[in-house]
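Accompanying notes for the structure given below.
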Amino acid sequence: MSCNSCGTGGGTPGGCKNHGTCGTSGCNKLTVFDWLANMELPDGQAPFNYVEIRFKNSRKEYFVNSENLQLKIGDIVATQTETGHDIGIVTLTGELVRVQLKKKKIRYETDDIPKVYRIASQTDVDKWKAAREKEEPMKVRAREIAIRLNLQMKISDIEFQGDGSKATFYYTAEDRVDFRQLIREYATEFKTRIEMRQIGLRQEAARLGGIGSCGRELCCSTWLTDFRSVTTSAARYQNLSLNPQKLAGQCGKLKCCLNYELDSYMDALKDFPKQNQKLYTEKGTAVCQKIDIFKGLMWYCYEGEWMNWHTLKTTQVHEIVSKNKAKESVASIEEYAAEHLVVEEVNFENVVGQDSLTRFDQPATKNKKRKKRRNTRGPKPAVTEQKVNQGSNKKTSQGKATQSKAPQSKGGAKPETNGQKPKPKPRRKPANQNKPKDGANNTQAKPKSNQTGDGTANKPRKKRPNNRNRPPKKSE
């Protein structure tokens with residue numbers, strides 16, 4: 001039996017919109033897997049008549065199946081309460097319930113355990129859904145009333161009973177809160193029975209859920225059912241930095257996952273000497289700076305030489321400590337550190353270069369290197385060249401046009417052709433090139449055609465043809 005939001009009405013899936021609290025067994029909080037479901041009981045043994053039922057969020061309780069109903073995981077049932085009946089979902093049946101009762105230290109033989117009435121009818125389910133729809137707007141109104149009364153508390157969640165006769169308000173507070181006036185206003189506002197229940201910050205995180213710093217859902221809202229005490233000593237044993245921002249979880253307390261690997265660290269630390277144990281040698285006194293628990297390594301340095309660390313094994317440290325107790329002389333810890341030289345073994349060869357961090361960078365080409373070398377050598381004197389006018393057979397007044405051969409580069413490049421701009425940096429012409437024939441100063445001489453208006457010759461221009469040497473145009 002599934003809820004309306006994730007059912008397949010009309011042949012198209014609706015999609016779960018209850019964020020992990022729908023009626024199907026696929027996306028519930030604290031879901032369990034019955035690994036004994038496909039196993040048959042021995043002949044003559046009756047099935048265990050207790051079931052585990054989950055209510056809103058992570059609340060689970062155990063009930064007795066006194067009517068011997070054929071229940072399976074996912075069934076919606078009506079259960080017994082102090083003031084009527086409640087609606088829940090079956091999460092576990094059979095022999096695994098016996099294991100859970102033993103784990104929770106519940107004596108089902110002597111304790112008064114409530115019972116299951118029946119499998120919920122459609123009328124029960126409709127009342128249950130109508131009551132669940134009132135919870136969110138009621139929570140907003142309840143917070144407004146608590147703020148108006150200046151109460152130092154936080155309404156974290158509201159849970160209606162299945163028949164809608166009672167509402168349980170879950171709240172968190174650091175100190176004791178006098179909420180007698182609050183209950184009166186709640187009863188007047190909501191017209192129902194009110195029950196106030198204080199929970200801790202971890203229980204609040206388990207009920208509301210969320211995403212942890214590891215990127216996964218919170219353990220307390222998915223599979224963790226018991227909250228063990230977590231202390232800062234667990235972080236010290238694992239050599240973690242005592243930073244409260246990194247060690248605190250969604251609830252503001254220390255993370256529960258600090259206890260997961262603590263036993264492995266405690267077993268590994270049994271063979272380690274004390275970190276405050278000093279090593280006395282003839283060279284000086286050595287102090288422990290750092291340890292590697294699973295590799296069995298310890299780093300020591302002399303007092304006053306805090307930057308020079310020496311790596312020792314735990315067996316070597318025990319040997320030095322035993323010699324110190326026997327008052328035997330130890331020359332230095334370098335003797336033991338020299339025995340422990342870490343040789344890196346190369347298990348593979350990087351042939352293609354896929355592990356290089358600079359494999360996507362463009363390497364400098366040879367042409368760029370050559371240009372850089374030319375620029376560093378400085379400017380060279382320009383090569384004089386004169387053009388021969390293409391439109392006439394006459395030569396210039398200076399005689400034959402002289403053409404100087406441009407020097408070839410080392411790479412075998414072709415010489416530059418006449419009339420083209422040089423590719424390298426513009427070169428200056430010799431000082432005597434602009435000197436007039438009459439011996440006047442260079443400052444009084446007029447700039448030539450290849451110079452700019454301000455007299456600079458840094459940017460040579462292409463010579464223009466002399467119009468006087470051109471043949472006259474033919475008249476039409």
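The values are calculated or read from the model by the stated rules, or taken from the named source; none is laboratory data. These figures come from a predicted structure and were not determined experimentally. For neighbour counting, all protein chains shown are included, and Cβ atoms are generated from backbone atoms with ideal geometry for every residue, glycine included.
Every residue in the range 315-330 that is out of contact with any Leu (no Cβ under 8 Å at 6 or more places or on another chain) and within 21 Å of I291 (Cα to Cα), please. Step through it out loud before you land on a result.
Here is the first cut: in the range 315-330, the residues out of contact with any Leu (no Cβ under 8 Å at 6 or more places or on another chain) are 315-316, 318-319, 322-323, 325-329.
T315, Q316, H318, E319, S322, listed by residue number.
Can we say V97 is among the aliphatic types (A, V, I, L, M) and either more than 24 Å from N68 (Cα to Cα) or within 39 Å of the chain's Cα centre (by Cα) (or both)? Talk me through it step by step, then tell me what you get.
Details: among the aliphatic types (A, V, I, L, M): yes; either more than 24 Å from N68 (Cα to Cα) or within 39 Å of the chain's Cα centre (by Cα) (or both): yes.
For V97, the condition - among the aliphatic types (A, V, I, L, M) and either more than 24 Å from N68 (Cα to Cα) or within 39 Å of the chain's Cα centre (by Cα) (or both) - is met.
Annotation note: of E133, E159, the sole residue that is within 30 Å of L69 (Cα to Cα), in contact with a helix residue (DSSP H, G or I) (Cβ under 8 Å, 6 or more places away or on another chain) and either of a type in the set (V, I, T) or at pLDDT 90 or above (or both) is E159. When restricted to residues that are closer than 17 Å to L240 by Cα and part of a loop (DSSP other than H, G, I, E, B), the range 272-295 contains 4. Among residues of the range 175-201 that are farther than 17 Å from F160 by Cβ, those with a Cβ under 6 angstrom from a residue that is of a type in the set (G, A, S) and in a loop (DSSP other than H, G, I, E, B), sequence gap 6+ or separate chain, pair up as L201/G252. G249 meets all of the listed conditions (1) under 30 Å from A205 (Cβ atoms); (2) surrounded by fewer than 12 Cβ atoms within 10 Å (Cβ to Cβ); (3) of a type in the set (G, A, S) but one, namely (2).
Evaluated against (1) over 30 Å from K323 (Cα atoms); (2) modelled with pLDDT of 90 or more; (3) outside the structural domain of F160 (by TED's automatic domain parsing); (4) not aromatic (F, W, Y), S241 falls short on exactly one condition, (2). When C220 is tested against (1) under 34 Å from the mean Cα position of the chain (by Cα); (2) surrounded by 13 or more Cβ atoms within 10 Å (Cβ to Cβ); (3) at pLDDT 90 or above, just one condition goes unmet, and that condition is (3).
Checking the structure you have, find out if any residue of the range 180-198 is part of a loop (DSSP other than H, G, I, E, B), on the phi < 0 side of the Ramachandran plot and of a type in the set (A, V, I, L, M, F, W, C).
At the first step, the residues of the range 180-198 found to be part of a loop (DSSP other than H, G, I, E, B) are 191-192.
Among the residues that remain, those that are also on the phi < 0 side of the Ramachandran plot are: 192.
The next check asks that each one be of a type in the set (A, V, I, L, M, F, W, C); those that pass are none.
No, that holds for no residue.
T192 meets the stated requirement of being among the polar types (S, T, N, Q), outside the structural domain of T83 (by TED's automatic domain parsing) and under 20 Å from P137 (Cβ atoms). When E133 is tested against the conditions (1) under 30 Å from Y186 (Cβ atoms); (2) among the charged types (D, E, K, R); (3) touching a residue at least 24 places away in the same chain (Cβ under 8 Å), the lone failure is (3).
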